[in-house]
Each structure stands twice: as C-alpha cells, then as structure tokens.
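I have placed the structure first, in the form of structure tokens, so that the comments after it can refer back to it.
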Amino acid sequence: MVITDELVTYLEALGRIKLPEESRAKAQSDLQEILQYIDTLSELDTEGIEPMSHALPLTNVMREDEVQPSVPTEEVLANAPVKKDGYFLVPRSFE
Amino acid sequence: MKMELKDLTALELGAAIRKGEISAVEAAQFSLAQIEKYDGKFSCFVTVQEDVLRRAEEVQKGIASGEYTSPLAGVPMGIKDNMCQKGIQTSCGSHMLYNFKPTYTAAAVEEIMKAGAVPLGKLNMDEFAMGSTSETSWFGVTKNPWNVECVPGGSSGGSAAAVAAGECFYSLGSDTGGSIRQPASFCGVTGIKPTYGSVSRFGLVAYASSLDQIGPIARNAADCAAVLGEIMKQDKRDNTSVATKGMDLQKVLHTDVKGMKIGIPADFFGEGLDKDVAAAIEAAAKQLESMGATVEKFDMPIVKYAIPAYYIIASAEASSNLSRYDGIKYGYRADDFEDLLDLYTKSRSEGFGMEVKRRIMLGCFVLSSGYYDAYYRKALQAKALIKAAFDKAFEKYDLILGPVAPTTALKIGENLADPLKMYLGDIYTVMINLAGLPAASVPCGFDAKGMPVGMHLIGHYFDEEKILGAAHAYQQVTDWHRRKPTELD
Amino acid sequence: MTHAKWETVMGLEVHVELATRTKIFCSCTTEFGGAPNTHCCPICTGMPGVLPSLNKAVVEYATKAGLALGCEITRYNKFDRKNYFYPDLPKAYQISQLYLPICRNGGVEIEAEDGGRKVIGIHEIHMEEDAGKLVHDPHTNSTLVDYNRCGVPLIEIVSEPDFRSANEVIRYLEKLKAILQYIGVSDCKMQEGSLRADVNLSVHLAGSEKFGTRTEMKNMNSFKAIMRAIQYESNRQINVLEHGGEVMQETRRWDDNLGESFAMRSKEDAQDYKYFPEPDIIPIEISEETIEQTRNSLPELPEAKQKRYVSELGLSEYDASQLTNSKALVDLFEQNLAAGCPAKELANWIMGEVMHMLSDSGKEPEEMTFDYGYLGSLIGMVQRSEITRNTAKKVFKAVFEEGCDPVKYVEEHNLRTVTDTGAVRAAIEEVVAANQKSVDEYRSGKEKALQYLIGQSMRALRGKADPQTVTAILKEIL
C-alpha cells in the first residue's frame, strides 16, 4: 500500500485535520513506514477465524427503562466555548 | 518524622494514619511539600488541587467517625489527567482540553474517594494517552526520577514518575497498550493493568475503548492490590464492566509461589531486546525458581503480529473516539474560521498534536471504505488468535513471565522523531490489552546505566490476586522496589 | 403530459422514534419538546469519557416491531459506529447497526394499484439513536444546537424497492403507522418527527429490466408532502431523461413551501462512514423464548382486526379497512363497542361525523382529545330518542372541538327532544294558525307546502322534536 499525497489529503479530510505544510512530507513517510510494518499482518493465516471485537464473552448488559433527572442546562453548556439562549452555537450549517 | 514518611508505602502510611501516629492532614502536607520540592524538576503534575488539605481534614474526620475504613484512607495520591473529576481540569495532556472541567466524576475516582483517598492533582501523560514517553503532552515532558535526561515512559508517565519521586504514595493510571506497565518499568515502581472490564471506564476519556483499562501504580505489589481492591467495582454505566470476585488483600499477602508454573514465551527474547533487560528477566526467573516455582520457556509465535493488530484497532477506535473534539461543546475552539468545516478543521488541527493527528489518520485509513476487511477485520481476527494463544498457554501455566519493554527508559527526544521505533517498544505489552488479560510490571533490576528494569507478570482472566501475590512474594525476598531514584536528595 | 412509458420504482427508509420512557443510551426522558438542552446529560451530549448504556426496552420494542412486520429476528445482535461530523451529532458518530440488524426479511401487505393485494418487502430493521435539532438563528446568521432529541431511540425500517406509485407508498405508510401504534412501540406523530420517511426513487422505461439511477429524498413531514415530493421527483427525473440528461445519484431535500426538491450539496467529497463494531456496547442475544413470548404478547394486528370486523361485526370491507388503519379510530371504536354501542351505528358515526370533523380540522385521528366514551353516550341519546340525529351532530361538534360531555351539553343547552305531545301539538297549532296560506296550498295538493310547515314547526320547537312525530301531528291537524 502506497501512501500518496492524495491519500494524505483524503485522510486529513476524513479526520477533519490539516497537517502543517512543513510536516506533511515527514508525516507521509512516517505513515508509509508504519503501514509497511502493519502490512506484515497480511502474512498471518486467519482463514476461518471469527473476528473478535470483545475479548470477554459477555452478552445482554442492559439498563432498565427508568427516567433519571437530566442535568441543568447550565451544566450541559458549562464547557461550551460559545453559547446562546441555552443552545450551543455553530457557524451556519444549513444549505 | 518526615524522614520516615518518604520511605513508607501507601499501606504503611494508611496504617499509621489509622493508628493516629500521623494525621491525614500531615500526610497531605508532606506530599504537597514533596511536590513543591520535586515537581519543578520532574513535571509529574499538570494540576495540583487547591482543596487538598480541606479534603485531608474531611477524611481524617471520616476515619474517626468510621466512615472511611479502607487501609488506604487518608493516603495522598495522584490521578492521571484522563480521568474526569467534577470541577477539576481534565485535559488528557492536550491543548484540545486545556480548559475542560467535567461536570461528572469517573467511576474509578468515585470509588477511590469512597475509600478516603486524598487526591493531590492530575498527572501528566502523553496526549490522549497516545505515546510511550509522555513527551507528546501539551503541558511538557515529564522527567524520569532516575535520570532527568530520560523519559519516564508513557502514557502514564506522570503517574509512574510521581510515585517514584515520592510526590504521591500511589496513583491511578490507564493502560491501553502498556501505558501503566511500561512507565512503571521505566521508573522502578509496581503497576498493574487489571482484566478488561474489572474497573469501570466511565469517566475515563477514551483512547481505544476496547483496550483501555484503569489500574494502580504504587511502590509495591501489596499497595497495588489494596488500590485495585477499591476500584474493581462493577458499574452499570459501563456496559463492558464485569463483576469480579474482588481482591482479597490477605490472600495476596500470603501467596506462596511454590508449585506455581510460570511460562516464558521464547518469542519474547528475540531481536531488539536489550541484553541488560534480558539478563534482569532471566535473573528474576531464577529467583522465582529458587522460591519453588517451575519456570519453562514455550513458543508463542503470534507475538510478532501483536503490534500491527494493536495499532490498527487502537488507531481506528481513537479516530472515532476523538471525533467529538470539534470546538463546539467543550475544549479548544479556533479563533478564526470561515464556516463550519473550517471551524472543525482549524480547532482540531490547532488542538491536537502530531502523534494524535498521525493516529487519527491511520485510524481513518484502516476504516475507510475498501480497506476495512484487509485491516480492521483482519486485526480483529489476529486479536482472536492472540486470545486463543494465551488461553492455551494458561491451560499449562499459572503465570507468564517476560520483559515489559525491550529497553529501559530512553533519552528524551530519542524516539520522538521515529514513531515506528516508538511503536515497536510496545511489543510485549499491547498483546495483553488485545487479549484483555491482567498483567503487572514489577521492578526486577537495573541496566548498566542504572535505569530500572521491570518484569512482566501476566495472568489469566481475573487472576489479579495470583499476579500480585507472586509479585508480593518476590518483593519479600528482593529489594529492587525499595531502591530510591538517584535524582532524589 | 402523461408518462405512460416510464415506470417509477421506490423504496422507503422509515425512521420511527420508539415510545420508550428514556433515551437509548442514557436515562434522560424522551418527552417531546422542552426548553433547549433540558433533556440532556453528559452521555447524550457526547462529553469526554462517558459511555453508552443500552436501554433494554429499545431491544424489546424493536423485536416487537419486527415480529409485527413479519420479520426474522436476529438472535445475535451487535451495534456499530457510523462516523460523520455534523453539529447535531455530538459524538461525531451514530451508534447504529450495520452488520447484524435486529430484524430482516419481513413484509407488509397493502392494496395494490390494480385493487389486488401486494406485499411490500422489508429488507431490514435496525436500532439506532436520533440526532439533535439544529435551529437557524437569523440574528447571528448562525446555527443553534439543541440536543433534547439526541439519543432518542429509533428503528429504521428499510423496505425493498417494491413501490410503483405514490398511492402504494402512502398505503404502506398508513399501514406501518397503524401496526406500530397498535403494538405501542411508537406514537408515529409525523408532525413531531416520530415517523419520518426518506424515499429512494428512480424511473426507467416500462419493460426494462434495469432500474434507473436513484435519488434519495428527505424532509417530508406529512403524507401530503410525501405524495407531492414523489410526483415532483418522478416528473423531474423523467424530464431529465427525456431531454437526454442523466440522473445524478444524490440526496435531495424537499421544500414543501416551494413544492420543489433541492440537491443537498455537501462540502465533503465522498461519504465514508468508516463503520466498525461499537466497542462500548456488548452483543445482545435474543432467545427463542423471548421471541415466542413477544410474539404471543402481540395484540390483534390491523389485518386480523379488519377481517374480524367484517365477519363478526358485519361492517363493510371499506369501513373495516378505514377504521383499522388508525389505532386511535380502533380505540374509539372498540371502547364504545365494549360499552354496548351497536357496531354498525358506531362505525357509521366514525366514518361519517368523526372523519368529517378530522378532515375539517386537518387533524390526525391520534390528535383527538375528547373522552372516547362521549361518542357512545351521544349515540345512546340518539338511540333512546333523547335527542334528534341533527342535534347529535351539532353536539358532536362541541365534543370534538371542546371536549364537552354530551350529556351535560344537551342539558345545559336544553336540547332534549320534546316528548310531551301536548306541547308539540300546541306549537304546531300555532304554526298552522300563522300560516294559513301554506295550509291552503297544502290542501290544494301542494306537497311542498307541507315541507315548509314541518320546517316551521321544527324551528318553533327549536329542533328538539322528532320530525316524524311532528309530521304525523301536522297531517292530523290538516
């Protein structure tokens, strides 16, 4: 797998980040190196192995449908950098 | 009095407080003085709480009234900066959360508070727990108390260094791929990552949800057992949390390794393992043998696939977990932006450091359409194989022994420019998180430069008592854990 | 123009908010409305370090819905994360089900265009969480974010592309709504967004095997809007193709005020949701036993009810089908039926006056606020000749609009039928005396004059007498 400049740009877009111009080339080669190493995993024979997302075989942990008090709006918004009239505020996001 | 205090373990101090030989307030004052004295040098703490003495007073009263009965009541401790504490800055070593004050408290912190803990403050860490050196913190580098030119390890570098430096008597760390064990090894202290699910992750700021686990770092195994006993509680708020049989401290303190079968994966002793580290582990194996354990090597070829699988799974989960940091609800928000997309991109680009960005990009890549099966799915299959390999080994062995890290603490800056090299240093630790097993790092020697070496004691699911019992027995006949860092007066 | 040579194919994605008390992953209330960000907690607002805790009732409701819609229930369920950035999604991922949805392969039978029956296939149903609400703030030209709805449990019901007309779509939605209301898993209030349908639509030349490129339409919040949007989009695509153009695969937003849909432009190039298994929620196993218990607990569904209304109660096919299409109408019907009201009379009232009032007021049946028992007591008064049918209709208006108790209303407004024949006769005699001209006309054979005299007599009696009695007495006097 080759990490191209386009792929770096795509990954930046997916992650909503932008690398500083001066560290792009280094980041690209680092990613390439890491991926090359990660690609060794393809040697591992996993034929017929069920992918395991949870190490412990737990099932059915659920909560009863009982209402607990919500928190005060001031608390919801306590850490908001910008707020207005009980709302979070973001740049216009309608088309 | 103070000369004695600094040599006490958490349980010894707790006993002294209970007996009235010293008050919780005096203990807190002592720790604050230690922080005053050393933290400028080691930079373990990001935040020192303002209410330490008030809390100590309250706990002292609680001990008198019988509210606090834990052997740890009144003992000053520290908390890694990724565990939420209501009203106290919780920044995960990141600019992104430099001003974040949660309105809720992590379950593990609640539990330790119920045991009468006196928290001193928040401990430095790699940004969002991503790193093995504590150098990626936005708040600066924590220094190793054994040599200030060296890193303390990471990501719980502050948690390990603070215990080593005597700034607190124990600390809470978190371990996603070795973040408790590796810094414990580098700083010559004892730390344990318990079985996945045994400590609630509620309130622990997530790095990789399926791997993250909270655990203690302390001066010895007995202290770790005492802390773990307090925080291993099933919690309804964490659906992955499980009921454990708890921690029987007396059982730990009276464990005999005689008759225990200990396996050493031969594959742990391959290329890249420092010869001093290898020698210290071999010596520890001999020691355990001399105490009556049988020790033998066995093959575990899956070891080489642990790092690729780990970095795929951890980065993928991280890329998703860290998407919530967008400058809208909390944390850093860029000053100038043109529109919504620009707000997201600028806030995240300015708020996250390079290592975090790298893992977000890697995570986005392995999950992106067309690559999921080749990477993420494959990594989950590797995870299944790693778990199976351990399950098989534990049919035969009580414990598995090996190195925690291939080297001792590296010089500051040595690995920062070479991420892959840093990742490779996690070779022995990450597979434990993939399998969800408990494992401890226990001091077992020093290298030629005088830096501590930790041995890795790995147990089967919920065998924390066995791990810490063996470690305690080992610490009864060795004094590696009692040695004091050379950078202290 | 007619589009006889074009065929329209549609599939539906219906989002239904479940009527659980709490949100899917936290214990905040699901109650509709409320001041902004008052039904919130650290979990549903995506604060750092918090974890989702799955609500048991969501799995129960989804299972119920699946069984009522004839689906197979997945025994081993998992949740997955769907990742995308948008301000209404505070975690920047939605916990949903991609790989193992809870229900698969169901179907809903509807009446087809040709009058026959047709089964609309249900591809799958999965559980997920709703997003928050965005409000445009004209003062700051920015967007305000309210997370009250965020985390309300949803099921998404994905149909097969089995629809060929807008009417089929509406019939399916009505049926779906009725079923979901019957089994109590949702109130399905479209105006509150608890039932939302996205329409995937493509057109192709009749006879062609291959479907055309489809578009997805969002933001229709009434059946009427869905009808209009489908017609609009179908015409638009045909127009594009007839002019040699190409239909773009895109998501379009329906603007009901303008009666047009618009392509939703997105600044991100491709949507890459980066789905992966949700690590914070463990798998859910649904046992055979639970499935059987749930199946047995299902109430009688519209299909069965409709058949029973025809065979046992003697209602017409049409009345039975209209009635059973709404849970509220069924409740109104069955409650009064149980209280002893005759079925046919009751059905006539519901199909007549109730439907009439609903259509006049633009309300949905579930928005009826009066005590359902009032309809029965009203009908009872008519049957006991205590009031006339005409009076009853007027009284029902007050019942429907103001929730009045009909018995009290009749008393207060003195609307009881005058049963004292002496009083009736006296009133008629007065009318006869005052209208000699009409009396003469009647006597000379003009039937129309009798109608006039009856009308005058009824007026004099303020409508409270039985018209037949009035006619009989009048004829006798004349």
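The values are calculated or read from the model by the stated rules, or taken from the named source; none is laboratory data. Quick caveat: nothing in here was measured; it's all calculated off a predicted structure. As a convention, Cβ positions derive from the backbone with ideal geometry for all residues, glycine included, and neighbour counts pool all protein chains shown.
Which is crowded, with 24+ Cβ neighbours inside 10 Å and under 12 Å from the mean Cα position of the chain (by Cα), of B:Ala165, B:Ala161? Being crowded, with 24+ Cβ neighbours inside 10 Å and under 12 Å from the mean Cα position of the chain (by Cα) holds for just one of B:Ala165, B:Ala161, which is B:Ala161. Kindly indicate whether C:Asp280 is of a type outside the set (Lys, Arg) and within 14 Å of another protein chain (Cβ to nearest Cβ). So C:Asp280 passes the test. Which residues, taken from the stretch C:107-130, are more than 21 Å from the chain's Cα centre (by Cα) and either modelled with pLDDT of 95 or more or not assigned by TED's automatic domain parsing to the domain that holds C:Ile155 (or both)? The answer is C:His123, C:Glu124, C:His126, C:Met127, C:Glu128, C:Glu129. Scanning the stretch B:457-481 for residues that are free of Cβ contacts under 8 Å to residues at least 24 places away in the same chain and in a helix (DSSP H, G or I) turns up just one, B:Gln476. Quick one: is A:Glu6 surrounded by fewer than 15 Cβ atoms within 10 Å (Cβ to Cβ), farther than 17 Å from B:Ile312 by Cα and either more than 7 Å from chain B (Cβ to nearest Cβ) or among the polar types (S, T, N, Q) (or both)? Criteria met by A:Glu6. Only one of the numbered conditions (1) over 20 Å from the mean Cα position of the chain (by Cα); (2) not in a helix (DSSP H, G or I) is violated by B:Met77, and that is (1). Evaluate the stretch B:295-302: report whether one residue or more is within 14 Å of chain A (Cβ to nearest Cβ) and surrounded by 22 or more Cβ atoms within 10 Å (Cβ to Cβ). Yes, the stretch B:295-302 has at least one match.
Taken over the stretch B:438-450, the residue count meeting the criterion of being crowded, with 24+ Cβ neighbours inside 10 Å and assigned to a loop (DSSP other than H, G, I, E, B) is 1.
Of the residues making up the stretch A:24-73, those that are touching a Cys at 6+ places or on another chain (Cβ under 8 Å), closer than 30 Å to B:Ala243 by Cβ and surrounded by 13 or more Cβ atoms within 10 Å (Cβ to Cβ) are A:Val67, A:Ser70, A:Val71. In the stretch C:28-52, the qualifying residues are those that are surrounded by fewer than 22 Cβ atoms within 10 Å (Cβ to Cβ) and among the polar types (S, T, N, Q), and the one that is farthest from A:Glu75 (Cα to Cα) is C:Thr29.
Determine whether the stretch C:129-141 contains at least one residue that is more than 30 Å from A:Glu74 (Cβ to Cβ), more than 13 Å from every other protein chain (Cβ to nearest Cβ) and surrounded by 21 or more Cβ atoms within 10 Å (Cβ to Cβ). The answer is no, given that none of the residues of the stretch C:129-141 is more than 30 Å from A:Glu74 (Cβ to Cβ), more than 13 Å from every other protein chain (Cβ to nearest Cβ) and surrounded by 21 or more Cβ atoms within 10 Å (Cβ to Cβ).
Do we have C:Leu67 as at pLDDT 95 or above and either part of a strand (DSSP E or B) or closer than 21 Å to C:Ile281 by Cβ (or both) here? Against the criterion (at pLDDT 95 or above and either part of a strand (DSSP E or B) or closer than 21 Å to C:Ile281 by Cβ (or both)), C:Leu67 does not qualify. Restricted to the stretch B:309-368, and to residues there that are in contact with a His (Cβ under 8 Å, 6 or more places away or on another chain) and either without any contact (Cβ under 8 Å) to a residue 24 or more places away in the chain or closer than 30 Å to B:Asp426 by Cα (or both), the residue that is nearest to the other protein chains (Cβ to nearest Cβ) is B:Phe352. Test B:Glu57 against the criterion of being without any contact (Cβ under 8 Å) to a residue 40 or more places away in the chain, among the acidic types (Asp, Glu) and farther than 30 Å from B:Leu322 by Cα, and give yes or no. Criteria met by B:Glu57. Annotation: of all residues in the stretch C:72-118 being of a type in the set (Ser, Thr, Tyr) and not in a loop (DSSP other than H, G, I, E, B), the one that is nearest to the other protein chains (Cβ to nearest Cβ) is C:Tyr93.
When the residues of the stretch B:189-239 are filtered to those that are β-branched (Val, Ile, Thr) and farther than 18 Å from C:Ile282 by Cα, which remaining residue is surrounded by the fewest Cβ atoms within 10 Å (Cβ to Cβ)? Show your work before the answer.
The first filter runs over the stretch B:189-239 and keeps only residues β-branched (Val, Ile, Thr), leaving B:189-190, B:192, B:195, B:199, B:205, B:214, B:217, B:227, B:231.
Next cut, farther than 18 Å from C:Ile282 by Cα only: B:189-190, B:192, B:205, B:214, B:217, B:227, B:231.
On the way: B:Val189: 32, B:Thr190: 34, B:Ile192: 30, B:Val205: 28, B:Ile214: 31, B:Ile217: 35, B:Val227: 32, B:Ile231: 25.
If we take residues in the stretch B:189-239 being β-branched (Val, Ile, Thr) and farther than 18 Å from C:Ile282 by Cα, then B:Ile231 is surrounded by the fewest Cβ atoms within 10 Å (Cβ to Cβ).
The set of residues in the stretch A:74-88 being more than 7 Å from chain B (Cβ to nearest Cβ), surrounded by 19 or more Cβ atoms within 10 Å (Cβ to Cβ) and either touching a Leu at 6+ places or on another chain (Cβ under 9 Å) or not in a loop (DSSP other than H, G, I, E, B) (or both) consists of A:Val76, A:Lys83, A:Tyr87. Being part of a loop (DSSP other than H, G, I, E, B) and in contact with a helix residue (DSSP H, G or I) (Cβ under 6 Å, 6 or more places away or on another chain): is that true of C:Gly46 here? Taking the combined requirement at face value, the residue satisfies it.
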